[in-house]
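Single-structure report; data block below.
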Amino acid sequence: QDMMDIEVKPKPSRPHWYERHVQPCVAELLGSALFIFIGCLSVVEDSGGTGRLQPALAHGLALGVTVTVLGDI
């Protein structure tokens, strides 16, 4: 009688090979490309008087967007 009261939990299935191998690599590639692309574009067009502030803000915002979008992967 006691053996019938025990709940048997189903074994969680393993993630698909795409989610384990391909998806993290694509996310890393996309995140790095976005970070480098936005960072380089922020330096190309230098507005007069911004100095180091414009590239620093652009890199920070690019990093924040990248982490927000791709962070759960």
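Some observations on this one:
The rows are residues; the columns are (1) closer than 21 Å to Thr66 by Cβ; (2) at pLDDT 75 or above; (3) open to solvent by 100 Å² or more (accessible area, probe 1.4 Å); (4) more than 19 Å from the chain's Cα centre (by Cα).
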position	(1), (2), (3), (4)
Glu19	yes, yes, yes, no
Ala27	yes, yes, no, no
Gly31	yes, yes, no, no
Ile36	yes, yes, yes, no
Ser42	yes, yes, no, yes
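- Filtering segment 57-70 to residues that are in contact with a helix residue (DSSP H, G or I) (Cβ under 9 Å, 6 or more places away or on another chain) and among the small types (Gly, Ala, Ser) leaves Ala58, Ala62.
- Failed item in (1) within 15 Å of the chain's Cα centre (by Cα); (2) assigned to a helix (DSSP H, G or I); (3) in contact (Cβ under 8 Å) with a residue 12 or more places away in the chain, with Pro55 passing the rest: (1)
- Residue count, segment 57-73 (criterion: modelled with pLDDT of 85 or more and exposed (fewer than 14 other Cβ atoms within 10 Å of the Cβ)): 7
The values are calculated or read from the model by the stated rules, or taken from the named source; none is laboratory data. Model, not experiment: these values are computed from the prediction. Virtual Cβ from ideal backbone geometry, glycine too; neighbours counted across all protein chains shown. Surface accessibility is based on the protein's heavy atoms, side chains included, excluding ligands, DNA and RNA. Shrake-Rupley method; radii C 1.70, N 1.55, O 1.52, S 1.80 Å.
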